[in-house]
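The values are calculated or read from the model by the stated rules, or taken from the named source; none is laboratory data. Here the structure is a predicted model, which is why all the values come from computation and not from measurement. Neighbour counts are summed over all protein chains in view; Cβ atoms, including those assigned to glycine, are modelled from backbone coordinates with ideal geometry. In case anyone asks, the SASA skips ligands and DNA or RNA and just uses the protein heavy atoms, side chains included. Shrake-Rupley method; radii C 1.70, N 1.55, O 1.52, S 1.80 Å.
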Amino acid sequence: MMVSRLVRQAQKGNKEALLQLIMADRDAYYRLAYTYMGNEHDAMDAMEDMIVTLYEKIGQLQKGEAFYSWSKTILVNRCKALLRKNGKFQPLEEELETSVPALTEADPYRITESEMDMQTLLAHLNAQQREAIELRYVHDFPYQTIADMTGVPLGTIKSRISQGMQKLRDIVGGERYEYH
C-alpha cells in the first residue's frame, strides 16, 4: 500500500515522503484543526505543531497504515495544548458557553446557514458530547478512532454521542427525527 511505503520512507528520514502523506489529507487536517481552534490562524498553528511532532515521532509509528488516525490524534492533542496555553481550553466537566463564529465570505468553512444552525444546536451540548458528535458526524471518524484520539473508553464515546443526539432530538422536535 502507498501509505505504508511512504511511512517507511519517512521513518528513514525522507522529508518529502512525510510531506506527501500530510498533503494527501491536508483538507481533513485543516477542518479538524478548525473545529477545535475556531479560526484559521490558530488552526494553521496547530497544524504546524502537528507537522513538527510527526517529523520528530514518525519513528515511533509501528503500523504504517495507521498513519492518518495516529497523525489526527496528534493534531487533536496539539489543538488542546494550544487552547490550554492560550487560556481558551475549558475542562470537559464545565459547560462551554459557545458563541457561533462570525460568518464571512473569506472563510469557506463557515458560510452555510445550515452549519450555523448546527453550531447553534451543538452549543446546547456539554463539551464532551459536542466533541464526540463533531468527530463522528462532521469528520466521519469511526467510534474506535474517536476513543483512541480522545483517550476515552469506546463505551463512553458511544454514550456521549447517544446522549448528545437525544438532547438534540429533544431540542429540534423529538420523535420525527428518530432512527428506525
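How much length is gained if the chain between E40 and H139 is pulled fully straight, taking 0.36 nm per residue apart and subtracting their Cα-Cα distance, in nm to one decimal?
Taking E40 through H139 to full extension adds about 33.9 nm, to one decimal.
Please say if segment 129-176 is rounded, prolate or oblate, where rounded means a/c under 1.5 for a ≥ b ≥ c the square roots of the C-alpha gyration tensor eigenvalues, and otherwise the choice is prolate for a/b larger than b/c and oblate otherwise? Prolate, since a/c reaches 1.5 and a/b exceeds b/c. Between R169 and A123, residue separation times 0.36 nm minus the direct Cα-Cα distance comes to 15.2 nm. A 1.4 Å probe run over the protein chains yields, for segment 1-88, 56 Å² of accessible area per residue, whole-number rounding. Spin-label pair S4-A28: with each label point 7 Å from Cα along the Cα-Cβ axis, the two points sit 1.8 nm from one another.
Within the same chain, lysines fewer than 8 places from K12 are excluded, and of the rest, those with a Cα less than 19 Å from its Cα are K57, K63.
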